[in-house]
Amino acid sequence: MDAGHVPAVEVEDLTVAYTGSPVLWDLDLQVASGTRTAIVGPNGAGKSTLIKAVMGLIEPVAGAVRIFGKPGLEVRGSIAYVPQRATLEWDFPTDVLDVVTMGTYGRLGWFRRPGAPESATAEAALEQVEMSSFAHRPIAQHSGGQQQRILLARALAQDAEIYLLDEPFQGVDAPTERAIVRVLDDLATAGRTVVVVHHDLQTVAEYFNHVALLNVRIIAAGPVATTFTEDNLRLTFGGRVGVLAARAGSV
Amino acid sequence: MEIFADWTLRVVALGAGLLGAVSGFLGSFAVLRRQSLLGDALSHAALPGIALAFLITGSKATVPILIGAAMTGWVGTLVVRLIVRRSRVPYDAALGLVLSVFFGLGLVLLTVIQKRPDAAQAGLETYLFGQAAALLRADVVVMAVVATVVLLVLMLAWKEMKVLTFDRAYGESLGLPMGRLDGLVTALLVVTIVLGLQTVGVVLMSAMIVAPGAAARQWTRRLGSMVTVAAGIGVAAGVSGAVLSSIVPRLPTGPTIVLILSGVVGVSLLMAPERGLVWRRLQLGRLRRRPRQEPVLMHLHALSLQHPDDPDHGHEVSVLRTMSPADIDVEGALTALAERGLAASDRRGLWAPTELGRREAQRTLKREADR
């Protein structure tokens, strides 16, 4: 890969704090272009915060984020962000297709309204997550899994180089999990870079080829085969981890 | 005399209608963003500004008083933002704090002013509940200008407003200037509330902002129609309140408008299709009759465990029926499970859980064990 030398995402000396105590502390991370990386760590490790800092949604105390070598804020829009669905107010008066079309707003620019090409893009994205038949239903009428697929389709409509997903597998049904995995496969085939905050240790090796173990600092990061070890998991999660690691090892 | 009465009514009705329209537009977004209390805090925070403007200028001229109201209203929003950012006090508590402290300060200042010997202060207290009859042509012109600006912003930045309201963080991630748009909308809200102080007053202005949006949400599925309906409700309530209070002697305009709005909200909450209480009561009855699926999936999983070498080994529906309690619709549950991709039947009509179904069943078992 020719772009292989410039990391897709490069985080350097990142420190983030909410009202005093640091959530992320002097964190360094490189995500190579075209990889599928899981960010794994205990509750409160700063996983979501890391994603938000990469997106430039929160201002770090110190440190820098570079996307393909450029400062993060300059290339906004080239990263597609899938937030945790629970953070949104789903009782909003609109239909599924309209939410997915939001993915095209960045390209459109000010004052221009989405038209037929944008709708076509959104419909294709809905097809990818197998939600086409729900296009004209109000978003309030959907299950958690379907909401997750709507948000994923919105990110796909953005047609970005990098995808950042915050806990997409959290509490979703089986068809949704399957649909998300297939989309991740498609993105990998297309050479896109995917970073996912993930909580299910049992599926890390199955769904991802890279992993970053996070607990305020990066404990270890690299290929799953060499990084996702029991020792590293214990360092990340602390004492309770024997059970988790044993379970992860058995899968 | 009759022409004069007509003229007053026309000005008041026009003013109240325009106020209703702008309130409906901006209030819709405030309701959707769970910022209903913001209007309340803003209008109450305007009261000390009214009193201070009078103390400084010594006159009751509308313009300096409204500028004073806008200034303390704006300071109120800044204080709310500061509290939320710098402390662990949540947003709604910060709004409550600002509302009561600023309103209390305003009342103290009003009391001090009223104790002064000169007569110039008489009438300042009308800002508490509004005095629509005192509206001037100039006030209505200002309202028309604000309404036009709001309408222009909505037309030009419609998709930006939509993202800001539904998912602000995502809008920022797209590089859309969410912060600036938010500031503009808040500024327009401050101006609207200040203009409404003359008509409906400090205490009731928040109802003017919240009620049209809350009622319109009940009847609509699209943001565009919600905003339009909200503005329509605002206009209708404003105009009919003004007309009603001109017909019935001693009926105050502002409270009448708010009462009409409350009636509309009440009917909407009860009667609206899909979202109204009555409709949802009916829907709940229908939901109760949907087949329960989980027990059937667990039985399928248990059966498949008996065939570890052949996980797709099929089982008769009759077996599942004998395993399940009598009140479970086994066929209905199987169909629903198949739709969810958790179970499948072969050509002979025998059922087995899919790989995903087995995983789902394991997850359920684990959840039960963890409990």
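The values are calculated or read from the model by the stated rules, or taken from the named source; none is laboratory data. Keep in mind it's a predicted model, so treat the numbers as computed, not measured. Ideal geometry is used to build each Cβ from the backbone, glycine not excepted, and the neighbour counts take in all protein chains shown.
Of the listed requirements (1) closer than 21 Å to B:G171 by Cα; (2) more than 21 Å from the chain's Cα centre (by Cα); (3) not hydroxyl-bearing (S, T, Y), A:H142 misses just one: (1). State yes or no: is B:T111 free of Cβ contacts under 8 Å to residues at least 12 places away in the same chain, among the β-branched types (V, I, T) and either closer than 16 Å to B:A53 by Cα or crowded, with 16+ Cβ neighbours inside 10 Å (or both)? The answer is yes for B:T111. Looking at B:T126, is it surrounded by 14 or more Cβ atoms within 10 Å (Cβ to Cβ) and among the polar types (S, T, N, Q)? Yes, satisfied.
If the requirement is being crowded, with 18+ Cβ neighbours inside 10 Å and among the basic types (K, R), which of these qualifies: B:R217, B:R222? Only one candidate qualifies: B:R217. A:L14 meets each of the listed conditions (1) aliphatic (A, V, I, L, M); (2) closer than 17 Å to B:Y170 by Cβ; (3) not in a helix (DSSP H, G or I) apart from (2). For segment A:88-117, a tally of residues being hydroxyl-bearing (S, T, Y) and at the interface with chain B (Cβ under 8 Å from one of its Cβ atoms) returns 2.
Each row is one residue, and each column tells you yes or no for (1) within 20 Å of A:L29 (Cβ to Cβ); (2) buried (at least 20 other Cβ atoms within 10 Å of the Cβ); (3) modelled with pLDDT under 90.
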{"residue": "A:S133", "(1), (2), (3)": "no, no, no"}
{"residue": "A:G191", "(1), (2), (3)": "no, no, no"}
{"residue": "A:V194", "(1), (2), (3)": "yes, yes, no"}
{"residue": "A:V197", "(1), (2), (3)": "yes, yes, no"}
{"residue": "A:T229", "(1), (2), (3)": "yes, no, no"}
{"residue": "A:V243", "(1), (2), (3)": "no, no, yes"}
{"residue": "A:V251", "(1), (2), (3)": "no, no, yes"}
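Say we look at segment B:294-328 and pick out the residues that are touching a residue at least 24 places away in the same chain (Cβ under 8 Å) and either touching a Lys or Arg at 6+ places or on another chain (Cβ under 8 Å) or hydroxyl-bearing (S, T, Y) (or both); which of these is nearest to B:L350 (Cα to Cα)? Step by step, filter segment B:294-328, then rank; the result is B:G314. When residues in segment B:165-186 are screened for being closer than 18 Å to B:V31 by Cβ and more than 11 Å from chain A (Cβ to nearest Cβ), 3 of them pass.
Residues in segment A:46-76 that are at the interface with another protein chain (Cβ under 9 Å from one of its Cβ atoms) and surrounded by fewer than 16 Cβ atoms within 10 Å (Cβ to Cβ): A:L73 alone. Scanning segment A:7-25 for residues being over 13 Å from A:I219 (Cβ atoms), surrounded by 18 or more Cβ atoms within 10 Å (Cβ to Cβ) and at pLDDT 90 or above gives a total of 7. All conditions but one from (1) at the interface with another protein chain (Cβ under 10 Å from one of its Cβ atoms); (2) closer than 27 Å to B:R180 by Cβ; (3) crowded, with 17+ Cβ neighbours inside 10 Å apply to A:A157; the one that does not is (1).
Here the condition is being at pLDDT 90 or above, charged (D, E, K, R) and crowded, with 16+ Cβ neighbours inside 10 Å; of A:D98, A:D28, A:D91, it holds for A:D98 alone.
Contact map, segment B:65-85: first residue more than 22 Å from B:L195 (Cα to Cα), second residue in a helix (DSSP H, G or I) and among the aromatic types (F, W, Y), Cβ cut-off under 7 Å, separation 6 or more or different chains; pairs are B:V84/B:Y91. A single member of A:T49, A:T104 is within 14 Å of B:V163 (Cβ to Cβ), outside any loop (DSSP other than H, G, I, E, B) and free of Cβ contacts under 8 Å to residues at least 60 places away in the same chain, and it is A:T104. Residues that are part of a helix (DSSP H, G or I) and under 21 Å from the mean Cα position of the chain (by Cα) do occur in segment B:99-117. The residues listed here are B:V141, B:V153; of these, the one that is within 14 Å of chain A (Cβ to nearest Cβ) and part of a helix (DSSP H, G or I) is B:V153.
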